[in-house]
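What follows is a set of notes on a single structure, which appears directly below.
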Amino acid sequence: MRIRHALLPLAAAAGLLFTTATSAQAGSDGPYIWDPTMGAVSWFKHRGDVFWSGDHKSDGHSAVTRVYVPAVGIADNLWNPDGKGADRYKGYGHRIPEGTTVYYQACIGEFGPKKILRCSDGWTHGIA
């Protein structure tokens, strides 16, 4: 009986620590966007608030991830001119507060004039 009473505060403290740790992790990765006709792939990882741009088609176009975070005024394009099989990333770190919704699209474009030619339908999102 004494052991059970002695362990109760310890169990309660452990539960509090677990609850605190899980609630601090507000972010969620966004889904992969891949359009096989374009060959562009985009995704978001909430740890570090990192956006990725992948090129999966040898077509002479660059892959581009369009990034939009209206809550903090970010509207950016992550260009990947490195060719088929290459991935590039850009982290925004502390510029995006925890729990903020981030939006992105997979696109292709011409790197020289930095002109976007075509993008995936709509915007996909994740949570920072």
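Take each peptide in 40-47, 111-118, count the other Cβ atoms within 10 Å of every residue, and average; sorted highest first, the result is 40-47, 111-118.
Within the straight-line cut-off of under 21 Å between alpha carbons, the lysines reachable from K115 are K57, K84, K90, sequence neighbours fewer than 8 places apart in one chain being disregarded. Full extension of the segment from H125 to D59, taken as 0.36 nm per residue of separation minus the current Cα-Cα distance, would add 21.1 nm. In terms of the mean number of neighbouring beta-carbon atoms within 10 Å, the peptides 87-98, 50-61 order highest first as 50-61, 87-98.
In this entry, the range 29-102 is assigned a mean projected area of 4.6 nm², taken as a quarter of its C-alpha convex hull surface.
Just so you know, all these numbers are worked out from the coordinates, no wet-lab data involved. Owing to the predicted nature of the structure, the values given are computational and were not obtained by experimental measurement. Using ideal geometry, Cβ is built from the backbone for each residue, glycine included, and neighbour counts are taken over all protein chains shown.
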